[in-house]
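Take a look at the structure set out below.
What follows is calculated from the coordinates using simple rules that are stated; it is not laboratory data. Note that the structure is a prediction, hence the values are computed from the model and not measured. Counting neighbours? That spans all protein chains shown, and the Cβs are built from the backbone with ideal geometry, glycine included.
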Amino acid sequence: MSQSRAAMRDSHRRFLQTVMYNGIVSEQLAKSLHQHCCETHHEQYVADGLDDFIGVINSQLQPVFMNLRKGLSEDDAMQYYALVNTAETHVTRMSSDYNDSELEVFKKVIDLIVGSDTGTASSTDILNSTDALQTKKLKKSETEHLLDRLVLEKWLNEKRGDYSLSTRCILEMEPYILTMYADQVKMCHICHNIALQSQMCENPLCGIKIHNPCAAKYFKGRREPKCPACNEVWSLEIPVVGPSPSQPRR
Ligand SMILES: [Zn+2]
Ligand SMILES: [Zn+2]
């Protein structure tokens, strides 16, 4: 096995360090970063060779249970790369950075988000849900500080007081979410990834979900939008998708 593992060069190391520093990078940024890293270290650059380049890094990361994983953002339907831990997918993997009470609050946040129709949870709902903590109860200010930290460390996104799971969080926690919420969570009918921030077909016999950006793309220019599964009229307002809030750290 070890013979088939291609060695990392300086360009790979620089690329990996930059992704680690940012937590997550867009596909567009990854492409220009690939070029930048090869040129900086005077190594051969293959314009459409990003997948192979990342494959070399992943072959080295595999023995330490890490992986540069590619996945879709629920905010802008663009592809992103994140460094994920493949050995421990439960929220307890964050226990080196967060204490038991904080992890319990984070689990409550995931409960609220997965259980909501919109894939979001308001700060008020989150603060109310922490009244029933089993571990030491956090003060309101401590919970607010925790939410700020979870956004800063790119586990959550926040828009006007509503929290959603970040792309990085979904990439890393997908096995946990699928196991813990097997009877609640649905996959997007268009892209087949977990659908949290999404619309649901109003036909009770159907009830498929489509991500907001997937719906925006799918229904674009259609005069009478119809559900792609049951063919009933899609009476929900077709979402308008703005730029992603997850900008790379400078
Ligand atoms: Zn989708
Ligand atoms: Zn339907």
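The rows are residues; the columns are (1) under 30 Å from GLU237 (Cβ atoms); (2) touching a helix residue (DSSP H, G or I) at 6+ places or on another chain (Cβ under 9 Å).
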| position | (1), (2) |
| --- | --- |
| MET66 | no, yes |
| ALA77 | yes, yes |
| HIS90 | no, yes |
| SER95 | no, yes |
| VAL105 | no, yes |
| ILE110 | yes, yes |
| ASP117 | yes, no |
| SER122 | yes, yes |
| ASP131 | no, no |
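When the residues of segment 188-203 are narrowed to those that are part of a loop (DSSP other than H, G, I, E, B) and of a type in the set (S, T, N, Q), which ends up nearest to ligand 2 (Cβ to nearest atom)? Outline the logic, then answer.
Of all residues in segment 188-203, those part of a loop (DSSP other than H, G, I, E, B) come to 189-193, 196-197, 201-203.
Checking which are of a type in the set (S, T, N, Q) leaves us with 193, 197, 203.
Numbers: ASN193: 18, GLN197: 18, ASN203: 5 Å.
Residue satisfying both the conditions and the ranking: ASN203.
Considering only residues that are hydrophobic (A, V, I, L, M, F, W, C) and near ligand 1 (Cβ under 9 Å from one of its atoms), look in segment 195-223 and name the one that is nearest to GLN79 (Cα to Cα).
Step one: list which residues in segment 195-223 are hydrophobic (A, V, I, L, M, F, W, C), which gives 195-196, 200-201, 205-206, 208, 210, 214-216, 219.
Okay, now just the ones that are also near ligand 1 (Cβ under 9 Å from one of its atoms), so 195, 210, 214-215.
On the way: ALA195: 15, ILE210: 17, CYS214: 13, ALA215: 16 Å.
Of everything passing the filter in segment 195-223, CYS214 is nearest to GLN79 (Cα to Cα).
Does segment 111-120 include one or more residues that are assigned to a helix (DSSP H, G or I) and surrounded by 20 or more Cβ atoms within 10 Å (Cβ to Cβ)?
yes
Of these, CYS230, CYS169, CYS206, CYS214, which one is outside any loop (DSSP other than H, G, I, E, B) and within 16 Å of ligand 2 (Cβ to nearest atom)?
Working: CYS230 fails: outside any loop (DSSP other than H, G, I, E, B); CYS169 fails: within 16 Å of ligand 2 (Cβ to nearest atom); CYS206 fails: outside any loop (DSSP other than H, G, I, E, B).
Exactly one residue qualifies, and that residue is CYS214.
So how many residues does segment 217-227 have that are within 11 Å of ligand 2 (Cβ to nearest atom) and crowded, with 18+ Cβ neighbours inside 10 Å?
1
Do we have ILE54 as touching a Leu at 6+ places or on another chain (Cβ under 6 Å), surrounded by 21 or more Cβ atoms within 10 Å (Cβ to Cβ) and not aromatic (Phe, Trp, Tyr) here? If you could, list the steps in order and put the result at the bottom.
Details: touching a Leu at 6+ places or on another chain (Cβ under 6 Å): yes; surrounded by 21 or more Cβ atoms within 10 Å (Cβ to Cβ): yes; not aromatic (Phe, Trp, Tyr): yes.
Against the criterion (touching a Leu at 6+ places or on another chain (Cβ under 6 Å), surrounded by 21 or more Cβ atoms within 10 Å (Cβ to Cβ) and not aromatic (Phe, Trp, Tyr)), ILE54 qualifies.
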